[in-house]
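Presented below is the structure to which this report refers.
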């Protein structure tokens, strides 16, 4: 009986050790799973990079904003597609995507890289905050396919939340693309020769986004009689500026070129 117990303990210990080692390896190399490459039938290279939005500003994520920018620089795209809505930019001049999309947009502006916006969502009675659907990913894919034609034979980099990465990679493969291996993928995140600084305009771009979500969208939603009260409750106006003050804390990082909130 004792031998069986000892054997069981050894097996369990071995399994736990494997789990811990695997977790450590995944943590250290997590970034390596966030970049994919698809070669389309017309020869166009499309890179996809999954990002973690505000988690880039937390040390535990092991994926800093600097490393995201390094990856953009090292991929050397001819054009960058970001998770933001084109209609919001056209009508209000706002990059309405997550914070990493705003940083990526500003980096591209600083470096003369064209940016296209590919996200799609609407506020209706089925709207759910901080969620995605197959329908949304279908629209994003349609936007990618439509806009990539504008950049024939040029290298495209799609930057989207990590939750969209698999969905968008799969849809490109279903559209005739072929997955390609990225050699030395970890080197994409390597630092450049100079020290890190946030791109210019980032505080202005971020503030426009904060005001958009704190005031512009709520005003539109509250005036829409077709929306349920539950949906309207999700979009209360930022009357006491608590949302504004909270979100603008990121500008302290930007102004001081700090990577982490903690």
Got a sec? Which of 161, 177 is under 18 Å from residue 65 (Cβ atoms) and touching a strand residue (DSSP E or B) at 6+ places or on another chain (Cβ under 8 Å)?
161
Which condition breaks for residue 184 when tested against (1) touching a helix residue (DSSP H, G or I) at 6+ places or on another chain (Cβ under 9 Å); (2) under 28 Å from residue 66 (Cα atoms); (3) modelled with pLDDT under 95?
(1)
So which of 89, 81 ends up being crowded, with 23+ Cβ neighbours inside 10 Å and touching a strand residue (DSSP E or B) at 6+ places or on another chain (Cβ under 7 Å)?
81
Using beta carbons and a limit of 6 Å, which pairs, at least six apart or on different chains, have the first residue in the stretch 232-260 and without any contact (Cβ under 8 Å) to a residue 60 or more places away in the chain and the second one surrounded by 15 or more Cβ atoms within 10 Å (Cβ to Cβ) and assigned to a loop (DSSP other than H, G, I, E, B)?
244/238; 254/198
Within the stretch 103-113, the count of residues that are buried (at least 23 other Cβ atoms within 10 Å of the Cβ) and assigned to a loop (DSSP other than H, G, I, E, B) comes to 0
Any residue in the stretch 82-93 that's at positive phi: show its pairings with residues that are in a helix (DSSP H, G or I) at Cβ separation under 8 Å, as long as the two are six or more apart or on different chains.
93/208
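A quick yes/no check of all residues on (1) under 19 Å from the mean Cα position of the chain (by Cα); (2) touching a residue at least 40 places away in the same chain (Cβ under 8 Å); (3) more than 30 Å from residue 222 (Cα to Cα):
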| position | (1), (2), (3) |
| --- | --- |
| 135 | yes, no, no |
| 147 | yes, yes, yes |
| 159 | yes, yes, yes |
| 181 | no, yes, yes |
| 197 | no, yes, yes |
| 204 | no, no, no |
Taking the stretch 28-58 as the region of interest, how many residues are more than 22 Å from residue 130 (Cα to Cα) and touching a residue at least 24 places away in the same chain (Cβ under 8 Å)?
18
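Report whether or not residue 100 is assigned to a helix (DSSP H, G or I), in contact with a helix residue (DSSP H, G or I) (Cβ under 7 Å, 6 or more places away or on another chain), crowded, with 22+ Cβ neighbours inside 10 Å and without any contact (Cβ under 8 Å) to a residue 60 or more places away in the chain.
yes
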Restricting the search to the stretch 212-262, which residues are at pLDDT below 95 and either under 25 Å from residue 200 (Cα atoms) or touching a strand residue (DSSP E or B) at 6+ places or on another chain (Cβ under 7 Å) (or both)?
261, 262
Selection over the stretch 70-97 where residues are in a helix (DSSP H, G or I) and either within 22 Å of residue 141 (Cβ to Cβ) or in contact with a helix residue (DSSP H, G or I) (Cβ under 7 Å, 6 or more places away or on another chain) (or both) yields a count of 11
So the helices (runs of 4 or more DSSP H) completely within the stretch 210-261 holding 3 or more residues that are under 23 Å from residue 93 (Cβ atoms) are 217-222, 242-247, 250-256
Just a yes or no: is a residue in the stretch 178-196 buried (at least 17 other Cβ atoms within 10 Å of the Cβ) and under 23 Å from residue 94 (Cβ atoms)?
no
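The values are calculated or read from the model by the stated rules, or taken from the named source; none is laboratory data. The model shown is predicted, which means the values in this text are computed figures rather than measured ones. When we count neighbours, we look across all protein chains shown, and the Cβ atoms used for this are built from the backbone with ideal geometry, even at glycine.
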